[in-house]
Every structure is written in C-alpha cells, then in structure tokens.
Amino acid sequence: MCCDKFRTYLRLQEIGMNQPKTVLIPNDTVEAVDAAHEALDNKFPMILKTLSGSKGVGVLLIETERSLQSQISLIYKIDPYTDILLQEYIESDYDVRCVIVNQEIVGAMKRNKITDDFRSNASQGATVELIEMTELEKEECLKAAKGVNGQWVGVDYIPAKNRDKDSPYILEVNHSAGSKAISEAIEEDITKMVLKLYFDRDMWRKEPKQCGVLESFKVDGQEMTGKLDTGNSTSVCSLHAEDVSIQGKKVTWKLNGETHTKPLHRSVTLQKPAETRPVVLMDIEFLNTVYKDTEVSLDSRGNIPLLINRDFMSRANVMINCSRKFMLTNKGKDISD
C-alpha cells in the first residue's frame, strides 16, 4: 500500500486522519491538470509528487500555474506511465519522522528544513535532532501505521500549532524509512533492533486469505459443509450430533446415520442457550492442512453440520468475505441451498 502515495492517502482519509489536501493527476493533458488544480482549490505554492519515490526524490515545489503544466509535461516525457499527485503546501520550518516497529514508537526526530529548499529529508542534507512527541502525536502516528498494517514504518508529519490539542498533518507513511539518521538520533542501531525483535516468530504477521461464509471441510475424514462465523465467540467449534449420550468418560452420537464414539475431552457451558455440551477432539482438514486434536462441541445444528469459530480461523489464517460462498474450496453438495 505504501509503495503508492495516493493509495496511502486514500487509506488514511478512510480512517479519518488529518492530511494535506491531495488530488491525483492521471495524465498530462491540459484538461486533466486544470481539473486537478481546480479540485485542490488551493493557492500556490503547491507540492507535486510522483506516486512512488523516497529520500525526497520525486517531490517538487510548484509556484505558478505555468510551472505546474511544464513540470508535469516534463515528468510524463521522461516516464509516460507515471502518476502524479498535487498536494496542498503547508508552511513549516521542520517536519517530524516517527519510526514505529511492531506498533511501538522507537524514536522520533525533528528534520529541519534544508537551506534554500522546501524539503527536510535527512538524505538531502537536513539536520536532525530528537524531539519529544505529544500524546496526541503518538496516538495519530500509531493510528496511521496501524491503518496501513505497517510493521516497520516511518510516519512523517508536520506538527500543528497547538501540538497538545490539534492533530498533526500526516504527510505519508514510509515503507522504506532510512535507518541511518534515526539510529544516530536515538544512539542505537535500529536495524539490529528490528532483527532482534523479529527473531521472535510470534511477532510475524501474514496476510489472511479471504474465504466464503461457507466452505468445505473434512472432520475425521468425513467431508461436510462448515459455516465460518466471527460472531461465534465460544472456545470451540461445533458439530451437529444426534442421540448424544455420555457413559463414563466416553461420548457416543450419530451423524448421517453413523454412530461415533470418542473420549470425553471436557464440557463447555453456554449462556445462550443455557446448556452444557460435551467436547471431543477431532481432526479438521481445511485447504489440505490437517488441524489435529481440534476441540469440537456436539450439539443439534440443523442444516449446516459444522460451525467454525474464531480461534480456528486464526489458526488457518483466513478472513471471511461475507458476500461469497465456497471461495477457496470446491463446492460439493451445498446443503444450505
């Protein structure tokens, strides 16, 4: 997401972040440039940015309408497939880069504007120093990083005049934040810090696969339809069972006319409906992966024999697309139709 500055802008706008006004210029025609200029509804100077770029490269200050058209034409001549942003210019003597790793702020540095330049990138020669962030600034930077699902990012912002009460202007979330300047500012090698943190695999995050509300599963080798339910906050999955009986430490039930017997693992008590259900351990296969000894409660479920809870979805690393059925598995007999 952060490879594309406009996608980042749209995402931060979606979650209500305070940002400079920004519009996309899709091509270098006079009509497209005039439309973007009108949509921005802002006086010169303005900022021109390519959608990708780092270290201040691809960022221009535009001071006149004639300069706006000529600079855009030049960029498109160099790369006819590029896309450009036009952005409100906010006057400031400095901006701040807040470096966040695993949803924790490891440091923030004030980047003073370069002499005779509007940029404040350390890679362009700007001087940097540590800065104490306000609580509001910390909250907004963490929100921006979380909004783009960033694990190691640099959030750039211009502080508000009243830093304690007003939200900062979030300029961008940088997915390739340089490590040299911040390491010097905090007097610690941030690269070593990140490597040390990520040796802990519990911190690793993988993008979940989208699946349908209904999918095909195998429970102890028997194929059936299961409903994935994020509203199911119980600690176990649930399986349809008939004629359930408990004798000592064993549970017997019927499913599709077949009788099954397993050791009683434990019982689970529900509030709504107020009842206690036996729990057994079963192997559930989903997408060619077998999740052995999964806790499954036995109850009368009706049409859909299997209910998958949130814990199983987390183990399988899937998320539900509520508008779809059987996205990831082959649709056999859909007993819900």
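Odds and ends about this structure:
- Residue check for ILE186: over 21 Å from PRO20 (Cα atoms) and among the hydrophobic types (A, V, I, L, M, F, W, C): yes
- With a requirement of 1 or more residues that are more than 23 Å from the chain's Cα centre (by Cα), the helices (runs of 4 or more DSSP H) lying completely within the stretch 1-118 that satisfy it span 30-40, 65-78.
- Residue in the stretch 202-225 that is closer than 30 Å to VAL101 by Cβ, of a type in the set (A, V, I, L, M) and in contact (Cβ under 8 Å) with a residue 60 or more places away in the chain present: yes
- Residue that is nearest to CYS141 (Cα to Cα) [pool: residues in the stretch 171-180 that are at pLDDT 90 or above and among the aliphatic types (A, V, I, L, M)]: VAL173
- The set of residues in the stretch 195-213 being over 19 Å from the mean Cα position of the chain (by Cα) and not small (Gly, Ala, Ser) consists of LEU195, LYS196, LEU197, PHE199, ASP200, VAL213.
- Failed criterion for VAL194 (all others in (1) surrounded by fewer than 19 Cβ atoms within 10 Å (Cβ to Cβ); (2) in the same structural domain as ASP299 (by TED's automatic domain parsing); (3) hydrophobic (A, V, I, L, M, F, W, C) hold): (2)
- Inter-residue pairs, beta-carbon under 9 Å, first at positive phi and in the stretch 309-320, second of a type in the set (Lys, Arg) and surrounded by fewer than 19 Cβ atoms within 10 Å (Cβ to Cβ), 6+ apart: ASN317/LYS206; ASN317/LYS209
- Taking the criterion of being crowded, with 19+ Cβ neighbours inside 10 Å and either of a type in the set (Val, Ile, Thr) or over 25 Å from the mean Cα position of the chain (by Cα) (or both), the residues of the stretch 214-223 that qualify are SER216, PHE217, VAL219.
- Residue selected from the stretch 132-151 under the condition surrounded by fewer than 17 Cβ atoms within 10 Å (Cβ to Cβ) and acidic (Asp, Glu), by the criterion nearest to GLY16 (Cα to Cα): GLU139
- Neighbours by Cβ (under 6 Å, 6+ apart or cross-chain): first from the stretch 248-264, within 10 Å of VAL280 (Cα to Cα) and touching a residue at least 24 places away in the same chain (Cβ under 8 Å); second surrounded by 13 or more Cβ atoms within 10 Å (Cβ to Cβ) and among the β-branched types (Val, Ile, Thr): VAL251/VAL280
- Considering the conditions (1) modelled with pLDDT under 95; (2) surrounded by 15 or more Cβ atoms within 10 Å (Cβ to Cβ); (3) of a type outside the set (Asp, Glu), THR29 is excluded by exactly one of them, (2).
- Some residue of the stretch 81-96 being under 29 Å from LEU195 (Cα atoms) and at pLDDT 90 or above: yes
The values are calculated or read from the model by the stated rules, or taken from the named source; none is laboratory data. Every value quoted in this text rests on a predicted model; they were computed, and no experiment measured them. Note: ideal-geometry Cβ built from the backbone for every residue, glycine included; neighbour counts use all protein chains shown.
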